[in-house]
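Enquirer: Just dropping this structure here.
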Amino acid sequence: MSNLEKNKAIIFSAIDEFNMSQELDGRLEKTEQTILFSRAGYTGKGVLDSLTLVYFLVTVEEFLQKIYGENFNLKTQNLIETKEKNLKDISSLVQYVENLLN
Amino acid sequence: MNILLISDFSINNLSGYLKNELLDFRLQTTIAPFNQVHQVLLDSSLECWEEKNDYALIWTQPERVLKGFNSFLNNEPIELEVILDEVEKFASLIVNASDRVDAFFVSNWTVDLTLNYKGILNTKPNYGIVDVITKMNWTLSKVLSKYSKIHILDSNKWISNAGKGAYSPKLWYLSKTPFHSSVFANASKDIASCLKSVKTVAKKLIVIDLDNTLWGGVVGDVGAENLVLGGHNPLGEAFKDFQSALKSILNRGVVLAISSKNEEIVAINAIENHSEMVLQKKDFVAWRINWDDKAKNIFEISQELNLGLDSIVFLDDNPFERERIKHALPEVFVPDFPSDPMLYKQFLLQLDCFNSVSSTFEDLNRTELYALEKERVVSKIGFSDIEEWLKSIDIKVKCEKLNEDNFQRVLQLLNKTNQMNLSTLRYSESDLIEIKNNSLNDIFAFSVKDNFGDAGLTGVIGVKQVDNSLIITDFLLSCRVIGRKVEETMLSVAIDLAIEKGCTSVLANFIQTEKNKPCFDFFCSSGFLENGNQFIWDCTNDYVRPFYVELEFLT
């Protein structure tokens, strides 16, 4: 399994955990194309708001720490500040994690 | 069902978990404005109170709602009395706001004890954080426990069960959420259980199997002396502990019956004579120990005890028997019993179906009350004429108006009686207070006793005067005392009251439910004129109260 595939699987596990805290219409789908939040000027609707986005990213970080150790840091604040680029959808998040690890 | 969540932190996570826990109840949540706890408690005109909330939950961090405690955490000089005074003031705000809902849940306070606030002095009286927070929670509890609609929840449990990462500085700085989502998951389970206890009637009867459930082994095969129960044996200890746990649930007012495929004489002998039995024969209010279908046996037990099937929990180690009951009697709650006896006790004590928000004398003595009823039935067999038998048992009925002492029991009866119930109207505490305060309404509570013992407060009549008629809005009697002419005695009270008020008739409007046919049958034979679902008594007629029932009015 490539690193990208491995990280995608970790993020999908985090989605399962995150979805348990969400009502049906606030849950994320486990696909690479899943849009995380709605953006002005773009088609497609994401389910996360600013608060649930934080909850999701903290969950993702926890799952990554289980694999890469407690010191793994998702740099959440930086990620949120660059969300237009790195949090467009699940695949951009997977790529972000890949870049962090390299 | 609506609940308002009040907090000084982002509590959105709890909302999601809670809704998922209570899907069947279609829970709606409203989140009060963030970090405006005092304003929300004080100001009923805020938007969050606009929609009717059935319940409210408040969960706060003590250092954010109590200025004095915040100073204490910062090691600034402050007297404990000042902090406790603030706690009392905060509690009084909750009491005030509790008028706006049917039930108010208050999470007690915690602090992150992994932080070294005062080091080794953390437990020092009036100085250490552990001591101070304990006294704060004790004070909060002392003030709030006087109010029956306020319930304190133990947030320590949610946090300790979440483990090391329960407090999350990262979530706090990023989202003003102090706890890891696992804390909210734990909290939602606990809160959901409390909401269910308020909303539904707790289970009253456990029907239990014997072999490999109450003890290890098959008594018919190995004999009582070789059962695995107690002694220096891990499994024996587990079965004995399970019996102790059952006994503790009995002491909460749940009753116990047996449904077992065995020879009755062999099984009863084991119960009576095995030296390690914690449960005694007198702890079982009924049993069916035979080779019949357990569904038939459970149905018969429910009839014998006058309990609805939905009051019953069935515990059996055999998955076949469990499936049979689930299929044949879907109203009976059949949890999936663990396969390992070492997990029985833990499993039983984790069930939340016995939770009740209040307990009355009648609840706590239910086993004894059923035993008395059994004696009555046995005695009845000796009389061919039921009237003769009733005359012989010296029935005494006490009648009193709704008052502070009987309020909780009346409320409980109104909300759980199904069979002998004219209208099955259910009331919240505030509904009942409103009715009590309306001068056109009267509510009477009836307590019953006879030679066999005291059944306690078991009957309620609610009446309302409309023009020249006295309308019976509520008429209900616990199934434990049905058929002892208490029903007729209660009606006589309503008729006497109507005459006293100058009414010309008494009207009882029957509202049919799935379960209240016994009430309809009673009214049909009561002498009231039947007109569809309305029963009418003309006050110019004499209503003859059963002379052998002694009626006493308490003022």
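The values are calculated or read from the model by the stated rules, or taken from the named source; none is laboratory data. Everything numeric in this text was worked out from a predicted model, so none of it was measured. FYI the Cβ positions are ideal-geometry reconstructions off the backbone, even for glycines, and counts take in every protein chain you see.
Enquirer: List every residue pair whose Cβ atoms sit under 7 Å apart, with the two residues 6 or more apart in sequence or on different chains, where the first one lies in the range B:184-210 and is away from chain A (no Cβ under 14 Å) and over 25 Å from B:Phe299 (Cβ atoms) and the second, anywhere, is modelled with pLDDT of 95 or more and in a helix (DSSP H, G or I).
Expert: Short answer, once both residue conditions are applied: B:Asp190/B:Trp158.
Enquirer: List the pairs whose first member sits in the range B:251-262 and is over 17 Å from B:Lys282 (Cβ atoms), whose second member is in a strand (DSSP E or B), and whose Cβ atoms are under 6 Å apart, counting only residues at least 6 apart or on separate chains?
Expert: B:Ser259/B:Val207; B:Ser259/B:Arg288; B:Ser260/B:Ile289; B:Asn262/B:Ile289
Enquirer: Suppose we keep only residues that are surrounded by fewer than 22 Cβ atoms within 10 Å (Cβ to Cβ) and either touching a His at 6+ places or on another chain (Cβ under 6 Å) or among the β-branched types (Val, Ile, Thr) (or both) within the range B:407-441. Which one would you say is nearest to B:Lys517 (Cα to Cα)?
Expert: The extreme case among them is B:Thr424.
Enquirer: Looking only at the range A:38-71, count every residue that is assigned to a loop (DSSP other than H, G, I, E, B) and either at pLDDT 95 or above or within 13 Å of another protein chain (Cβ to nearest Cβ) (or both) and tell me the total.
Expert: 4
Enquirer: What's the total number of residues in the range B:65-95 that are polar (S, T, N, Q) and either surrounded by 14 or more Cβ atoms within 10 Å (Cβ to Cβ) or at pLDDT 95 or above (or both)?
Expert: 2
Enquirer: Here's a follow-up. For the range B:413-426, what are the residues that are touching a helix residue (DSSP H, G or I) at 6+ places or on another chain (Cβ under 8 Å) and at pLDDT 90 or above?
Expert: Correct list: B:Leu414, B:Asn421, B:Leu422, B:Leu425, B:Arg426.
Enquirer: Within the range B:484-501, can one find any residue that is buried (at least 16 other Cβ atoms within 10 Å of the Cβ) and more than 18 Å from B:Phe444 (Cα to Cα)?
Expert: Yes, the range B:484-501 has at least one match.
Enquirer: Tally the residues that are without any contact (Cβ under 8 Å) to a residue 24 or more places away in the chain and among the aromatic types (Phe, Trp, Tyr), restricting the search to the range B:460-493.
Expert: Total meeting the criteria: 0.
Enquirer: Can you pull out the residues in the range A:72-89 that are loosely packed, with under 14 Cβ neighbours inside 10 Å and outside any loop (DSSP other than H, G, I, E, B)?
Expert: Of everything in the range A:72-89, those that are loosely packed, with under 14 Cβ neighbours inside 10 Å and outside any loop (DSSP other than H, G, I, E, B) turn out to be A:Gln77, A:Asn78, A:Glu81, A:Glu84, A:Lys85.
Enquirer: Checking the structure you have, find out if any residue of the range B:317-325 is modelled with pLDDT under 90, in the same structural domain as B:Leu229 (by TED's automatic domain parsing), surrounded by fewer than 16 Cβ atoms within 10 Å (Cβ to Cβ) and acidic (Asp, Glu).
Expert: Yes, there is a match, as at least one residue in the range B:317-325 is modelled with pLDDT under 90, in the same structural domain as B:Leu229 (by TED's automatic domain parsing), surrounded by fewer than 16 Cβ atoms within 10 Å (Cβ to Cβ) and acidic (Asp, Glu).
Enquirer: Would you be able to say whether some residue in the range B:38-51 is out of contact with any helix residue (DSSP H, G or I) (no Cβ under 7 Å at 6 or more places or on another chain), within 27 Å of B:Lys142 (Cβ to Cβ) and either in the same structural domain as B:Asp190 (by TED's automatic domain parsing) or of a type in the set (Gly, Ala, Ser) (or both)?
Expert: Within the range B:38-51 (the criterion being out of contact with any helix residue (DSSP H, G or I) (no Cβ under 7 Å at 6 or more places or on another chain), within 27 Å of B:Lys142 (Cβ to Cβ) and either in the same structural domain as B:Asp190 (by TED's automatic domain parsing) or of a type in the set (Gly, Ala, Ser) (or both)), the answer is yes, since at least one residue qualifies.
Enquirer: Right, here's the next one. Assess whether A:Ile11 counts as being part of a helix (DSSP H, G or I), more than 14 Å from chain B (Cβ to nearest Cβ) and not aromatic (Phe, Trp, Tyr).
Expert: For A:Ile11, the condition - part of a helix (DSSP H, G or I), more than 14 Å from chain B (Cβ to nearest Cβ) and not aromatic (Phe, Trp, Tyr) - is met.
Enquirer: Within the set of pairs 6 or more residues apart or between chains, which connect a residue that is closer than 16 Å to A:Leu64 by Cα inside the range A:80-95 to a residue that is basic (Lys, Arg) and buried (at least 18 other Cβ atoms within 10 Å of the Cβ) with Cβ atoms less than 6 Å apart?
Expert: A:Val94/A:Lys8
Enquirer: From the list B:Pro62, B:Pro33, which one is within 27 Å of B:Lys189 (Cα to Cα), in contact with a helix residue (DSSP H, G or I) (Cβ under 8 Å, 6 or more places away or on another chain), away from chain A (no Cβ under 14 Å) and loosely packed, with under 15 Cβ neighbours inside 10 Å?
Expert: Testing whether each residue is within 27 Å of B:Lys189 (Cα to Cα), in contact with a helix residue (DSSP H, G or I) (Cβ under 8 Å, 6 or more places away or on another chain), away from chain A (no Cβ under 14 Å) and loosely packed, with under 15 Cβ neighbours inside 10 Å leaves just B:Pro33.
Enquirer: If I go through the range B:129-158 residue by residue, how many of them are over 25 Å from B:Lys89 (Cβ atoms) and at pLDDT below 95?
Expert: Final tally of qualifying residues: 1.
Enquirer: With (1) touching a strand residue (DSSP E or B) at 6+ places or on another chain (Cβ under 9 Å); (2) within 14 Å of chain A (Cβ to nearest Cβ) as the list, and B:Arg26 as the residue in question, which single condition is left unmet?
Expert: (1)
Enquirer: Inspect all residues belonging to the range B:86-94 and state whether any of them is assigned by TED's automatic domain parsing to the domain that holds B:Pro62 and farther than 15 Å from B:Ile58 by Cβ.
Expert: yes
Enquirer: Oh, and also: Assuming B:Asp496 fulfils every condition listed in (1) touching a residue at least 60 places away in the same chain (Cβ under 8 Å); (2) under 23 Å from B:Phe547 (Cβ atoms); (3) not polar (S, T, N, Q) apart from one, which condition is it?
Expert: Here B:Asp496 meets the rest and fails (1).
Enquirer: Taking the stated definitions as given, is B:Asn96 more than 14 Å from chain A (Cβ to nearest Cβ), on the phi > 0 side of the Ramachandran plot and either within 30 Å of the chain's Cα centre (by Cα) or not charged (D, E, K, R) (or both)?
Expert: No, not satisfied.
This table checks each residue for (1) in a loop (DSSP other than H, G, I, E, B); (2) closer than 30 Å to A:Leu74 by Cβ.
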| site | (1), (2) |
| --- | --- |
| B:Leu171 | no, yes |
| B:Thr177 | yes, yes |
| B:Ala187 | no, yes |
| B:Ser193 | no, no |
| B:Lys196 | no, no |
| B:Ala202 | yes, no |
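Enquirer: From the list B:Ile159, B:Ile120, B:Ile152, B:Ile133, which one is surrounded by 19 or more Cβ atoms within 10 Å (Cβ to Cβ) and more than 24 Å from A:Thr52 (Cβ to Cβ)?
Expert: Exactly one residue qualifies, and that residue is B:Ile133.
Enquirer: Across the range B:442-468, what is the total count of residues that are polar (S, T, N, Q) and either crowded, with 18+ Cβ neighbours inside 10 Å or within 15 Å of B:Lys416 (Cα to Cα) (or both)?
Expert: Qualifying residue count, the range B:442-468: 2.
Enquirer: Additional query: Given A:Val60, A:Val97, A:Val54, which one is within 10 Å of the chain's Cα centre (by Cα) and more than 18 Å from B:His180 (Cα to Cα)?
Expert: That would be A:Val97, the only listed residue that is within 10 Å of the chain's Cα centre (by Cα) and more than 18 Å from B:His180 (Cα to Cα).
Residues are listed down the side, and each one gets a yes or a no for (1) within 22 Å of B:Phe354 (Cα to Cα); (2) surrounded by fewer than 16 Cβ atoms within 10 Å (Cβ to Cβ):
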site	(1), (2)
B:Lys282	yes, yes
B:Trp287	yes, no
B:Asp292	no, yes
B:Ile298	yes, no
B:Gln303	yes, yes
B:Leu307	yes, no
B:Phe314	yes, no
B:Phe333	yes, no
B:Phe337	yes, no
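Enquirer: Name the residue, out of B:Ser107, B:Ser98, B:Ser45, B:Ser15, that is surrounded by fewer than 16 Cβ atoms within 10 Å (Cβ to Cβ) and of a type outside the set (D, E, K, R).
Expert: B:Ser45
Enquirer: Right, here's the next one. Which of the residues belonging to the range B:124-169 are out of contact with any Leu (no Cβ under 6 Å at 6 or more places or on another chain), of a type in the set (Ser, Thr, Tyr) and in a helix (DSSP H, G or I)?
Expert: If the condition is that a residue be out of contact with any Leu (no Cβ under 6 Å at 6 or more places or on another chain), of a type in the set (Ser, Thr, Tyr) and in a helix (DSSP H, G or I), then B:Thr134, B:Ser141, B:Ser155, B:Ser160 are the ones that fit.
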